[in-house]
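Engineer: Just passing along the structure, written as structure tokens.
The values are calculated or read from the model by the stated rules, or taken from the named source; none is laboratory data. Small disclaimer: the values here were computed from a predicted structure and weren't measured. Using ideal geometry, Cβ is built from the backbone for each residue, glycine included, and neighbour counts are taken over all protein chains shown.
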Amino acid sequence: MLLSGLCQGFIWAILSLGVYISYRMLDFADLSCEGTITTGASVAAMLIWRGCNPFLAALLAFIAGCLAGTITGLLHTKLKIPPILAGILTMISLYSINIHIMNLATGKEGTSNLSLLNYKDQTVYAAIDRLLGIGKTNASLLLGLVIAAAVIALLYWFFGTEIGCAIRATGTNEKMCRAQGINTDVTKIIGLAASNGFIALSGALLSQYQSYTDVGMGVGSIVIGLASIIIGETLFARAKHFAVRLLGIVVGAVLYRIVVAFVIFSGMPSTDLKLMTAVVVAVALSLPILKNRLALNAKKKNAKKAG
Amino acid sequence: MKHNCKAFLSLALAAVLMLSGLVLTACGGSSTGPFPIVCGETGMNDVAGVATYGVSYYNLGVKAGDMAADILLDGADPSTMAVSLDPNPALVINETVAGEIGFTIPESVKSRVSGDTDATTVTRVESAVVADGGDYTVGILQLMQHVALDQTNQGFVDQLSVRMDAAGKTVTILDENAAGDQANNITIAETFVSKNVDLIYAIATSSSQAAASATTEIPVIFNAVTDPVGAGLVASLEAPGANVTGVSDINPVAKQIDLIGELLGSDDITIGLLYTSAETNSIYQIEQAKAECEAKGYKYVEKGIGDMNDIEAAFVSLKNAGIDAIYIPTDNVLANGIANVHAVNLGK
């Protein structure tokens with residue numbers, strides 16, 4: 001159960017890091033996520049059907065995600081469509097586009113579900129297992145860990161470069177940024193492209209992990225991403241270092257999946273799954289505040305005693 | 001005077017347009033509605049259809065319960081257990097809709113309707129289902145709360161309990177629902193594997209794929225999957241080839257197409273095939289419908305729609321193609337908009 005939560009947690013961590021770029025760095029509530037995760041999954045699954053190397057397929061899925069993010073960026077910056085609506089437009093159009101992508105694999109119209117069950121040997125996990133001979137679970141753990149670490153390193157480096165700093169500045173104070181001569185349209189588009197690229201990459205890994213892509217698999221993904229971010233931020237509230245904050249999001253995503261796995265494992269009535277997940281997350285999030293309250297009460301008592 | 005003149009001209013123009021419209025309609029080989037519609041499932045038939053063969057999801061659940069019992073109690077091998085269909089789809093007619101559209105259902109069809117459409121009901125043996133520590137443990141993974149899916153779940157447990165009771169055994173059911181969130185599919189499937197259940201019962205396509213992905217050893221029985229081969233779950237319907245087999249909820253398309261011929265009492269007919277072009281399941285059924293039409297020598301016209309906004313235009317083009325009846329497969333978009341389909345068919 002813990003292992004299952006960990007394996008999936010790393011995959012969702014990549015999505016959460018992607019959401020973090022748009023939601024925190026750019027201060028842009030981007031709903032494209034629910035479409036791009038499926039786009040990544042569709043592209044990867046379609047390419048694997050077509051005999052492509054699974055690692056290359058994941059990379060191309062990343063690029064497809066970047067393109068989708070660029071569309072959201074263009075809708076927002078060039079056509080002045082508000083962020084939420086721009087994201088929704090991309091998300092709903094991707095529904096049709098994802099079906100078209102999956103059509104390329106089967107050659108049939110209207111493929112809404114692409115199975116990888118017959119291509120189990122052609123996934124990244126199988127490739128790593130073949131290379132190191134460590135079994136599928138360990139392979140997915142290892143790959144998740146490596147990719148999450150690589151993404152953190154990449155983001156840490158990127159947001160330290162000039163353009164990366166400009167993107168962070170855009171999210172913090174757009175007007176000031178423009179005054180400094182930064183083209184905020186460009187920074188927003190780059191930020192959204194990167195964000196959706198990582199979301200698509202996580203979709204590509206997810207489809208290979210669960211052996212299928214379904215046009216409806218993105219539903220609820222933005223909630224998982226945001227919950228992971230908030231859990232990570234709450235737990236690492238004192239972290240000043242950027243890399244540690246990014247690490248916090250990975251921890252948040254892993255914890256969220258473990259919570260879900262735990263709720264399922266505990267065998268409560270199936271209708272209560274969502275409620276229980278929400279309750280456990282809410283309790284986890286309120287812990288720091290409860291801790292502060294208790295500390296404050298203790299201080300007051302001590303003060304009274306002293307007085 | 002000038003005004004009168006204008007009014008007269010516009011009236012005359014309107015009359016000419018209407019006349020030419022009538023003439024065009026008359027010579028285009030077109031037909032006028034409303035048309036008798038045969039739908040893929042009984043829920044849709046209740047609203048807009050004249051007759052159909054209905055799949056009972058409860059029956060499908062019972063069938064799956066039998067397969068699970070064969071595996072658990074008799075040691076049957078899932079790799080050689082053929083995928084099942086509803087063994088006996090029930091003929092249902094809808095005289096209300098037939099009356100509204102002015103269609104007479106022939107006596108030959110009417111006489112074949114049995115009074116009780118859902119004849120099979122199994123009484124659950126509560127004592128055979130224990131909360132904890134049964135002889136067998138079965139994990140149920142259901143995609144979402146949904147009337148049809150709930151029925152396959154219920155039928156499965158009912159029948160399994162009866163078989164367990166007959167063998168003097170007990171079963172513990174771990175009932176999990178992904179609540180429509182596909183991220184939970186694989187989590188639930190892996191939880192069942194880590195709990196080392198004796199069998200996984202997966203309901204709906206993506207849940208079945210997640211279960212098949214999570215284990216190659218524990219037997220998996222799927223249900224409510226329309227195209228198990230296309231979904232990668234089984235090698236073929238006759239010989240699944242691995243630890244996964246189950247029940248397909250495909251409606252008896254061929255029987256439904258034959259029914260249209262029976263209803264119209266002729267072989268020289270044109271059937272309009274109306275479906276949503278983005279749904280894999282619909283296209284799968286339409287392919288079967290076309291094959292059956294060809295086998296029977298019926299002509300057909302395909303009309304795929306994008307969403308319910310296209311429905312009026314679709315009817316116009318079907319009318320112009322001169323169809324005699326419409327077939328609608330089990331299709332999510334059209335099932336949701338079935339009342340609208342009926343209204344358009346009546347010309348409202």
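Engineer: With B:76, B:68 as the choices, which residue is at pLDDT 95 or above, surrounded by 23 or more Cβ atoms within 10 Å (Cβ to Cβ) and of a type outside the set (D, E, K, R)?
Structural biologist: B:68
Engineer: Next question, about the same structure. If you check B:257, B:311, which single one turns out to be away from chain A (no Cβ under 14 Å), touching a residue at least 60 places away in the same chain (Cβ under 8 Å) and closer than 19 Å to residue B:45 by Cα?
Structural biologist: B:257
Engineer: For region B:216-247: of the residues being of a type in the set (S, T, N, Q) and buried (at least 23 other Cβ atoms within 10 Å of the Cβ), which is nearest to the other protein chains (Cβ to nearest Cβ)?
Structural biologist: Filtering region B:216-247 for residues that are of a type in the set (S, T, N, Q) and buried (at least 23 other Cβ atoms within 10 Å of the Cβ), the one nearest to the other protein chains (Cβ to nearest Cβ) comes out as B:245.
Engineer: Which residues, counting only those in region A:236-250, are free of Cβ contacts under 8 Å to residues at least 40 places away in the same chain and surrounded by fewer than 20 Cβ atoms within 10 Å (Cβ to Cβ)?
Structural biologist: The answer is A:236, A:238, A:239, A:240, A:241, A:244, A:245.
Engineer: Restricting to region B:250-275, give me the number of residues that are under 30 Å from residue B:214 (Cα atoms) and either in contact with a helix residue (DSSP H, G or I) (Cβ under 6 Å, 6 or more places away or on another chain) or hydrophobic (A, V, I, L, M, F, W, C) (or both).
Structural biologist: Going through region B:250-275 one residue at a time, the tally reaches 1.
Engineer: If you don't mind, there's one more thing I want to ask. Across region B:304-343, which residue is surrounded by the most Cβ atoms within 10 Å (Cβ to Cβ) among those that are small (Gly, Ala, Ser) and assigned to a strand (DSSP E or B)? Steps first, please.
Structural biologist: First, pick out the residues of region B:304-343 that are small (Gly, Ala, Ser): B:304, B:306, B:313-314, B:317, B:321-322, B:325, B:335, B:337, B:339, B:343.
When the remaining residues are screened for being assigned to a strand (DSSP E or B), the result is B:304, B:325.
Details: B:304: 18, B:325: 22.
Ranking the candidates gives B:325 first.
Engineer: For region B:129-182, what are the residues that are in contact with a strand residue (DSSP E or B) (Cβ under 8 Å, 6 or more places away or on another chain), within 17 Å of residue A:263 (Cα to Cα) and among the charged types (D, E, K, R)?
Structural biologist: B:175, B:176
Engineer: To continue, here is another question. Here's a check for you: in region B:148-182, which residue that is within 14 Å of chain A (Cβ to nearest Cβ) and farther than 14 Å from residue B:204 by Cβ is surrounded by the most Cβ atoms within 10 Å (Cβ to Cβ)?
Structural biologist: It comes out as B:157.
Engineer: Among the numbered criteria (1) within 26 Å of the chain's Cα centre (by Cα); (2) on the phi < 0 side of the Ramachandran plot, which one does residue B:204 miss?
Structural biologist: (2)
Engineer: Being within 10 Å of chain B (Cβ to nearest Cβ) and part of a helix (DSSP H, G or I) is the filter here; which residues of region A:259-272 pass it?
Structural biologist: A:260, A:261, A:262, A:263, A:264, A:265, A:270, A:271, A:272
Engineer: I need the full set of residues from region B:262-297 which are away from chain A (no Cβ under 13 Å), part of a helix (DSSP H, G or I) and out of contact with any strand residue (DSSP E or B) (no Cβ under 7 Å at 6 or more places or on another chain), in order please.
Structural biologist: B:262, B:288, B:291, B:292, B:294, B:295, B:296
Engineer: Which condition does residue B:207 not pass, out of (1) at pLDDT 95 or above; (2) closer than 30 Å to residue B:293 by Cβ; (3) not hydrophobic (A, V, I, L, M, F, W, C), if it passes all the others?
Structural biologist: Failing condition for residue B:207: (2).
Engineer: Also, I was wondering about something else. In this structure, does residue A:185 turn out to be among the acidic types (Asp, Glu), surrounded by fewer than 20 Cβ atoms within 10 Å (Cβ to Cβ) and touching a residue at least 24 places away in the same chain (Cβ under 8 Å)?
Structural biologist: yes
Engineer: Out of A:192, A:155, which single residue is more than 18 Å from residue A:210 (Cα to Cα), touching an Asp or Glu at 6+ places or on another chain (Cβ under 7 Å) and part of a helix (DSSP H, G or I)?
Structural biologist: A:192
Engineer: Name the single residue that is farthest from the other protein chains (Cβ to nearest Cβ) among those in region A:201-240 being polar (S, T, N, Q) and in a helix (DSSP H, G or I).
Structural biologist: Looking at the filtered set, the residue picked out is A:234.
Engineer: Further, regarding this structure: In a loop (DSSP other than H, G, I, E, B), within 27 Å of residue B:287 (Cβ to Cβ) and in contact (Cβ under 8 Å) with a residue 60 or more places away in the chain: does that describe residue B:231?
Structural biologist: It is false that residue B:231 is in a loop (DSSP other than H, G, I, E, B), within 27 Å of residue B:287 (Cβ to Cβ) and in contact (Cβ under 8 Å) with a residue 60 or more places away in the chain.
Engineer: Search region B:184-201 for residues being surrounded by fewer than 24 Cβ atoms within 10 Å (Cβ to Cβ) and outside any loop (DSSP other than H, G, I, E, B), and hand back the single one that is farthest from the other protein chains (Cβ to nearest Cβ).
Structural biologist: Within region B:184-201, the first condition is being surrounded by fewer than 24 Cβ atoms within 10 Å (Cβ to Cβ), and the residues that meet it are B:193-199.
If we keep only those that are outside any loop (DSSP other than H, G, I, E, B) as well, we get B:193-194, B:199.
On the way: B:193: 8, B:194: 5, B:199: 17 Å.
Result: B:199.
Engineer: Sticking with this structure for a sec: Does any residue of region B:116-126 turn out to be touching a strand residue (DSSP E or B) at 6+ places or on another chain (Cβ under 6 Å), among the charged types (D, E, K, R) and surrounded by fewer than 17 Cβ atoms within 10 Å (Cβ to Cβ)? Step through it out loud before you land on a result.
Structural biologist: Let us first name the residues in region B:116-126 that are touching a strand residue (DSSP E or B) at 6+ places or on another chain (Cβ under 6 Å), namely B:117.
Checking the rest, the ones that are also among the charged types (D, E, K, R) come to none.
No, there is no match, as no residue in region B:116-126 is touching a strand residue (DSSP E or B) at 6+ places or on another chain (Cβ under 6 Å), among the charged types (D, E, K, R) and surrounded by fewer than 17 Cβ atoms within 10 Å (Cβ to Cβ).
Engineer: If you don't mind, another one. Only one of (1) under 24 Å from residue A:28 (Cβ atoms); (2) assigned to a helix (DSSP H, G or I) fails for residue A:140. Which number is that?
Structural biologist: Unmet for residue A:140, out of (1) under 24 Å from residue A:28 (Cβ atoms); (2) assigned to a helix (DSSP H, G or I): (1).
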